[in-house]
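S.K.: Sharing a structure, written as structure tokens. Questions coming.
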Amino acid sequence: MYSHVMLGAKNIHQSKAFYDATFATLGYEAGVFDEKGRCFYFTRSGVFAITLPIDGDTASHGNGSTIGFSAQSVACVEAWHKAGVAHGGKECELPPGVREGSVGKMYIAYLRDPAGNKICALNWINE
């Protein structure tokens, strides 16, 4: 459904270090900069990017917005969360763990990235 997601960053190098570390736990390559100073992560399923806002204003997070990343296992979710906290991410929501609802059972962890964007890693639990 989506071709790409781009988030604003307050400090592009700090955000790149954060996403390089968290995405490595999910099996993705480090981000690459383009000629405009934006950082891109290319995958088979889409593109994720971080950028300083084009209008020159300070980057801000979307209230009520969350971007979720698929994880292959519970261990990957745990490693993602640990790497994120170690690289400037802030814990938010409940601690990593199992959540159940009408859409199914999942293991999920939430963080705020260095710019305050709310993100999560999720592994669907098939029983």
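The values are calculated or read from the model by the stated rules, or taken from the named source; none is laboratory data. The shown structure was predicted, so the numbers you read here are calculated from the model rather than taken from an experiment. Ligands, DNA and RNA are stripped out before the accessible areas are found, and what is left, the full protein with its side chains, is counted by its heavy atoms. Shrake-Rupley method; radii C 1.70, N 1.55, O 1.52, S 1.80 Å.
S.K.: At a Cα cut-off below 30 Å, give the lysines reachable from residue 16, other chains included and same-chain residues fewer than 8 away excluded.
M.R.: List returned: 36, 82, 90, 118.
S.K.: What whole number of Å gives the distance from the Cα centroid of the range 85-102 to the Cα centroid of the range 18-64?
M.R.: Their Cα centres are 20 Å away from one another.
S.K.: So with the 1.4 Å probe, I'd like the accessible area per residue for the chain, rounded to whole Å².
M.R.: 60
S.K.: If you don't mind, another one. Carbon and sulfur: what percent of the range 1-114's accessible surface (1.4 Å probe)?
M.R.: About 52 percent, which is the carbon plus sulfur part of the accessible surface.
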